[in-house]
1. Determine whether Asn50 is over 22 Å from Leu164 (Cβ atoms), of a type outside the set (Phe, Trp, Tyr) and out of contact with any strand residue (DSSP E or B) (no Cβ under 8 Å at 6 or more places or on another chain).
2. Counting just the residues of segment 59-98 that are closer than 18 Å to Ser18 by Cβ and in contact with a Lys or Arg (Cβ under 9 Å, 6 or more places away or on another chain), which one comes out surrounded by the fewest Cβ atoms within 10 Å (Cβ to Cβ)?
3. Would you check which residues across segment 109-129 are surrounded by 17 or more Cβ atoms within 10 Å (Cβ to Cβ), within 13 Å of the chain's Cα centre (by Cα) and modelled with pLDDT of 95 or more and list them?
4. Restricting to segment 6-41, name every residue that is in contact (Cβ under 8 Å) with a residue 40 or more places away in the chain and in a helix (DSSP H, G or I).
5. Scan segment 22-58 for residues that are among the aromatic types (Phe, Trp, Tyr) and either in contact with a Lys or Arg (Cβ under 6 Å, 6 or more places away or on another chain) or on the phi > 0 side of the Ramachandran plot (or both) and report the count.
6. So, in segment 70-121, of the ones that are assigned to a loop (DSSP other than H, G, I, E, B) and free of Cβ contacts under 8 Å to residues at least 40 places away in the same chain, which residue ends up nearest to Tyr51 (Cα to Cα)?
7. Which of the residues that make up segment 2-21 are under 20 Å from His67 (Cβ atoms) and touching a helix residue (DSSP H, G or I) at 6+ places or on another chain (Cβ under 9 Å)?
8. Criterion first (more than 26 Å from Asp31 (Cα to Cα) and crowded, with 16+ Cβ neighbours inside 10 Å) does Leu106 satisfy it?
Amino acid sequence: MPKGSEELTNARKKEIVSACASLYETMGFKDITIRDIGAKTSFTRTSIYNYFQTKEEIFLALLKEEHEAWSEDMEELTLQNVSLTVEEFADRMARILEKRKCMLKLMSMNIYDMEVNSRLENLVDFKKAYANALQVVSCCLEKFFPNMNEDNIQEFVYAFFPFLFGVYPYTSHTDKQLEAMKLANINYPGYSIYEITRSFIAKMMKPFEQ
C-alpha cells in the first residue's frame, strides 16, 4: 500500500471501484480488464495494484458498496415507517431492490470468481457488509411483523437471500437469449425486478398479515 493519508487511499479505491461500475454498465465481467479500469481513473494503471491485486477484488469491493447502499435504504425504510402491511412491505422492498440492478447482476453471475480470487481481508470486508444486510432485513421484519418469531424470521431470510441470486437472470435478457427462448417455445412472461420481487415477498409474508 502506498504511503499517504487514509482519506487519500479510500478516495483512490473509490475512484477505481466507480470506474469499474461504469464499465460494468455496458461490458461483461470477463471482458473488463485492469487496463480498462485504469483508463477511466486519474492515475496510472499500474497504480491500481497498490490498492487491489486482482480485478476480482475490485468487483468484490463494488458488490460490498452495493450491499451497503441497499442496507442504508432498508434502514431508512425502518426508521421512516411506524407500521406496514404485507403489501406495503413487499412494495417498498421491491422498489428498493430495483435500484440495485448492479448488485443483483454481480450476485447471479460472478460471486464465486470474485471470492476465490480475492485476498482474505477483502473477502471478510464483503462478508461483513453481507452480514449487515441480513441483520437489517431481520430488523425490518421484527418491527413490522411482531407476530413473526425467531424461526419465522430465519426461514424468510434464508429463502429471500438465495432468491436474490436468481432475480437478475429471470428479469434481464439479451436479444440473443430472447430469440433462443422464442425458438425453444418458452413462454417468457417478462417480469421486472420489481414485479418478481414484490410477488415473492408478498407470498412469503402472507401468513403474517395482521
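The values are calculated or read from the model by the stated rules, or taken from the named source; none is laboratory data. Because the structure is a prediction, the values reported are computed rather than measured. Note that we place each Cβ from the backbone using ideal geometry, even for glycine, and neighbour counts take in every protein chain shown.
1. yes
2. Once the filter is applied, the top-ranked residue is Ala69.
3. Phe126, Ala129
4. Thr9, Lys13, Ile16, Val17, Cys20, Ala21, Tyr24 - these are the residues of segment 6-41 that are in contact (Cβ under 8 Å) with a residue 40 or more places away in the chain and in a helix (DSSP H, G or I).
5. Narrowing segment 22-58 to residues among the aromatic types (Phe, Trp, Tyr): 24, 29, 43, 49, 51-52.
The next check asks that each one be either in contact with a Lys or Arg (Cβ under 6 Å, 6 or more places away or on another chain) or on the phi > 0 side of the Ramachandran plot (or both); those that pass are 51.
The number of residues fulfilling the criteria is 1.
6. Arg100
7. Matches in segment 2-21: Lys13, Lys14, Ile16, Val17, Ser18, Ala19, Cys20, Ala21.
8. no
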